[in-house]
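These notes concern the structure reproduced below.
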Amino acid sequence: MKKDDMLKKGVPRHSQISQWIRSQIEEGVFEPEEKLPSENELAKKFDVSRVTIRRALQSLESDEVIYRCQGLGSFVSDKRTPHNLVRLTDFNEDMAKAGLKASSKVHEFRVIEAPSWLLAPLQIEKGTKVMQIDRLRLGDGDPVAFDSTWLPILYGQLLSDEKLRKSTIYKILEEEYDIEVIRGTYRFSADIADEVLSKELNIEAGSPLLVIERSTFTMGNKPVYFQRRYYRTDKVMYEMTLERSQGAEGSFENMPLKEFVPVFNP
């Protein structure tokens, strides 16, 4: 096809170019995380200026179809949608912001004696009984994560298998019992799926998993629960946005966390 034949008359050139790139991505010619041709290469291909190419790429970037790294070029986005996690959120809230319908399958709902490693996170003594809840978490019916949660009996007895299929621990405690969850701490690590998790999450054994351990607290710094969640890495990753502001004497005193977000691949 000649260069002149690639673009139609009467339609903005940058729109046609952005649509061409979009169609190439949808057809799998350019795969997620793959680098796109450079601005110069695209300009030569379509016989247009780099300004026109830049406008086309800006349009795709605004739609989160691609992302650009200064000095490196443009890359195909994996189309995962970002969510604000600076504010403490639960799974359903994250899913809703991703445009996905959240649901859960409760696999375990039982009282156990707390193992020794759980005593410190829940601030309890040896021999204390706790509630253990294991759930498969889904987005639009597809497995996204599997988590185990341990709560003091004081809070665990307020929950039920039936309630947790439709709601979250946060929502039940806050809306039904006026127990406010005010703070959470997170620890991130990596693991691989064993046979049990691979079956639950519908992935191959040995697949990488993102592991998040979370402790949440209510008034008086009382632990509400300790949770260990295993995310499919093809379904979620986390992005962090920081701001750097220079102090009056040249020191960088304020570096607030502006955004810390899980991004989901529907």
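Taking Lys and Arg as +1 and Asp and Glu as -1, the other residues whose beta-carbon sits under 13 Å from that of Asp194 total -3.
The local environment of Gln24, defined by Cβ-Cβ distances under 14 Å, has a net charge of -2 under the rule Lys, Arg +1 and Asp, Glu -1.
Scoring 181-190, 207-216 by mean Cβ neighbours within 10 Å over their residues and listing the highest first yields 207-216, 181-190. Spatially, region 117-181 and region 36-74 are offset by 47 Å when compared through their Cα centroids.
Summarise the accessible area of region 144-191 (1.4 Å probe, protein heavy atoms) by the percent that is carbon and sulfur. On region 144-191, the fraction of accessible area on carbon and sulfur atoms equals 46 percent. Each peptide in 223-232, 33-42 gets a packing score, the mean of other Cβ atoms within 10 Å over its residues, and the list from highest to lowest is 223-232, 33-42. On the beta carbon distance between Glu33 and Glu180, with R0 = 41 Å, the FRET formula returns roughly 0.50. Kindly state, to the nearest 0.05, the FRET efficiency for Val196 paired with Glu61, given R0 = 51 Å and r defined as their beta-carbon distance. Given R0 = 51 Å and the Cβ-Cβ separation, E is 0.80. Loop-located trypsin sites (Lys or Arg not before Pro) across region 124-168 with a Cβ neighbour count of 10 or fewer within 10 Å are Lys126, with loop assigned by DSSP. For region 120-185, the Cβ-based charge dipole about the Cα centre amounts to some 220 debye (Lys, Arg positive; Asp, Glu negative; other atoms uncharged). Label separation (Arg54 vs Trp117): 5.3 nm, computed from points 7 Å beyond Cα along the C-beta direction. Extension gain, Glu125 to Gln157: 0.36 nm times the residue separation minus the Cα-Cα distance gives 9.7 nm.
Applying a DSSP loop filter and a limit of 16 other Cβ atoms within 10 Å to the GluC sites (Glu not before Pro) in region 94-202 leaves Glu125, Glu180.
Pairs exceeding a 21 Å alpha-carbon distance, out of Lys105/Lys126; Lys166/Lys222; Lys8/Lys44; Lys97/Lys166; Lys97/Lys171: Lys105/Lys126; Lys166/Lys222.
If you wrap region 31-174 in the convex hull of its Cα atoms and look at it from every side, the mean projected area works out to 12.3 nm².
The values are calculated or read from the model by the stated rules, or taken from the named source; none is laboratory data. On a predicted model such as this, the values are computed, not experimentally measured, just so you know. All Cβ positions, even for glycine, are placed from backbone atoms using ideal geometry, and neighbour counts span all protein chains on display. Areas reflect the complete protein model, heavy atoms only, side chains present, ligands, DNA and RNA absent. Shrake-Rupley method; radii C 1.70, N 1.55, O 1.52, S 1.80 Å.
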